[in-house]
Amino acid sequence: MISKAQFDKEIQLIITNAIREDVGDGDHSSLSCIPASTQGKAKLLVKDQGIIAGVEFAKQVFNYVDKDMTVETLIEDGSPVKYGDIVFYVSGASQSILKAERLVLNAMQRMSAIATKTRQFVDLLEGTGTKVLDTRKTTPGIRALEKWAVKIGGGENHRFALYDMIMLKDNHIDFAGGITKAIDKTKQYLKDTNRDLKIIVEARNLEEIKEILQSEGVYRILIDNFNYEDTKTAVKLIGDKCLTESSGGINEKTIRDYALCGVDYISSGALTHSVYNMDLSLKAVD
């Protein structure tokens, strides 16, 4: 996975680009009718229920827009919220609050939806020892926010991008000429380029599981689109030789049954690509 420093850099890039996109050469709606000296206060109001996420991100946004703004946090990231809850108050120049408003809301609504869905999956896995992973099926440009939200919801992050882990999927295997060739070429590449990256290999059937196990150095096997019985068989074949991960259309109805097959991880693109934003609003306080 990427370092904290690199992750923090991604967050700053998101903020910089989002403000550039939204504000441009100025928030002329505010500039035209609100004096620069006007001070104000607003509250982040919940109009839904679920798990709140993005509070710490919001603080970074406010600080980026205007370092003199202050935030009073009432509810922390990862906490359950309900209709009518106030998450925080922000105080400072009214123009600054309005300049930051849309980015804060867009991000928190999305992040809270992802955290809520992740928490649902985590709760379904309670007692199994299996952890839920996100994927790269994220919204272009805001992956760091969405993966942050998964962590807030209690899930785990898969690789961040193409550069921080090797993942040999079906197309890699087919283009490389087979599983063993793909693994051998990968290990040689890592040696030649002096890179230390973990290797995950996808298996489409039990025969491919057996072939993967003939190679050393595989960190995790992706048991993709297997039924329950074949998943149990795959887990037994793999044993403690490497970690296991189930994937492929797993949802709320099937996730616990796959976990009971004994896999270490279950990855789900639905955590980030199939959510409905939590309803939040930022309202001025008298």
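The values are calculated or read from the model by the stated rules, or taken from the named source; none is laboratory data. Values in this document were obtained by computation on a predicted structure and should not be read as measured data. Cβ coordinates were reconstructed from backbone atoms using ideal geometry, including for glycine residues, and neighbour counts include every protein chain displayed. For the accessible areas, the whole protein counts, side chains as well, though only heavy atoms, and no ligand, DNA or RNA atoms are used. Shrake-Rupley method; radii C 1.70, N 1.55, O 1.52, S 1.80 Å.
Could you tell me whether LEU162 is modelled with pLDDT of 95 or more and over 22 Å from GLU126 (Cα atoms)? It is true that LEU162 is modelled with pLDDT of 95 or more and over 22 Å from GLU126 (Cα atoms). Whether any residue in region 208-224 is among the small types (Gly, Ala, Ser) and more than 24 Å from ASP257 (Cβ to Cβ) is what I want to check. Scanning region 208-224, I find at least one residue that is among the small types (Gly, Ala, Ser) and more than 24 Å from ASP257 (Cβ to Cβ), so the answer is yes. Would you be able to say whether some residue in region 126-133 is open to solvent by 10 Å² or more (accessible area, probe 1.4 Å), part of a helix (DSSP H, G or I) and among the charged types (D, E, K, R)? Scanning region 126-133 turns up no residue that is open to solvent by 10 Å² or more (accessible area, probe 1.4 Å), part of a helix (DSSP H, G or I) and among the charged types (D, E, K, R). As for region 103-118, it holds no residue that is open to solvent by less than 40 Å² (accessible area, probe 1.4 Å), outside any helix (DSSP H, G or I) and not polar (S, T, N, Q).
Selection of region 89-137 for residues being under 19 Å from VAL275 (Cβ atoms) and acidic (Asp, Glu) yields ASP123, ASP134. All conditions in (1) more than 17 Å from ASP279 (Cα to Cα); (2) open to solvent by 30 Å² or more (accessible area, probe 1.4 Å); (3) in contact with a strand residue (DSSP E or B) (Cβ under 8 Å, 6 or more places away or on another chain); (4) not aromatic (Phe, Trp, Tyr) hold for ILE86, with the sole exception of (1). Among the residues in region 20-32, are any in a strand (DSSP E or B) and touching a residue at least 40 places away in the same chain (Cβ under 8 Å)? No, that holds for no residue. Scanning region 24-54 for residues that are aliphatic (A, V, I, L, M) and within 26 Å of the chain's Cα centre (by Cα), we see that the one that is surrounded by the most Cβ atoms within 10 Å (Cβ to Cβ) is ALA53. Among the residues of region 55-72, those identified as in a loop (DSSP other than H, G, I, E, B) and either of a type in the set (A, V, I, L, M, F, W, C) or surrounded by 14 or more Cβ atoms within 10 Å (Cβ to Cβ) (or both) are ASP66, MET69. Looking at this structure, is ILE199 of a type outside the set (Gly, Ala, Ser), more than 21 Å from the chain's Cα centre (by Cα) and within 26 Å of ASP240 (Cβ to Cβ)? Judged against the criteria, ILE199 is not a match. In summary, VAL150 fulfils each of the numbered conditions (1) out of contact with any Ser or Thr (no Cβ under 7 Å at 6 or more places or on another chain); (2) β-branched (Val, Ile, Thr); (3) crowded, with 23+ Cβ neighbours inside 10 Å with the single exception of condition (1). HIS158 meets the conditions (1) under 21 Å from TYR265 (Cα atoms); (2) in a loop (DSSP other than H, G, I, E, B); (3) touching a residue at least 12 places away in the same chain (Cβ under 8 Å); (4) open to solvent by 20 Å² or more (accessible area, probe 1.4 Å) in every case but one. The failed one is (4).
Only residues that are hydroxyl-bearing (Ser, Thr, Tyr) and buried (at least 21 other Cβ atoms within 10 Å of the Cβ): list them for region 232-264, please. Those that are hydroxyl-bearing (Ser, Thr, Tyr) and buried (at least 21 other Cβ atoms within 10 Å of the Cβ): THR244, SER246, SER247, TYR258.
Every condition in (1) open to solvent by 20 Å² or more (accessible area, probe 1.4 Å); (2) assigned to a loop (DSSP other than H, G, I, E, B); (3) touching a residue at least 60 places away in the same chain (Cβ under 8 Å) holds for ASN194 except the one numbered (3).
From the list ILE152, ILE142, ILE114, the one residue that fits, being in contact (Cβ under 8 Å) with a residue 40 or more places away in the chain, under 23 Å from ASP66 (Cα atoms) and touching a helix residue (DSSP H, G or I) at 6+ places or on another chain (Cβ under 7 Å), is ILE142.
Before we move on, is GLU76 open to solvent by 50 Å² or more (accessible area, probe 1.4 Å), at pLDDT 95 or above, assigned to a loop (DSSP other than H, G, I, E, B) and at negative phi? It is true that GLU76 is open to solvent by 50 Å² or more (accessible area, probe 1.4 Å), at pLDDT 95 or above, assigned to a loop (DSSP other than H, G, I, E, B) and at negative phi.
For region 1-23, enumerate the residues that are open to solvent by less than 60 Å² (accessible area, probe 1.4 Å) and in contact with an Asp or Glu (Cβ under 7 Å, 6 or more places away or on another chain). Hit for region 1-23 is ILE2, nothing else.
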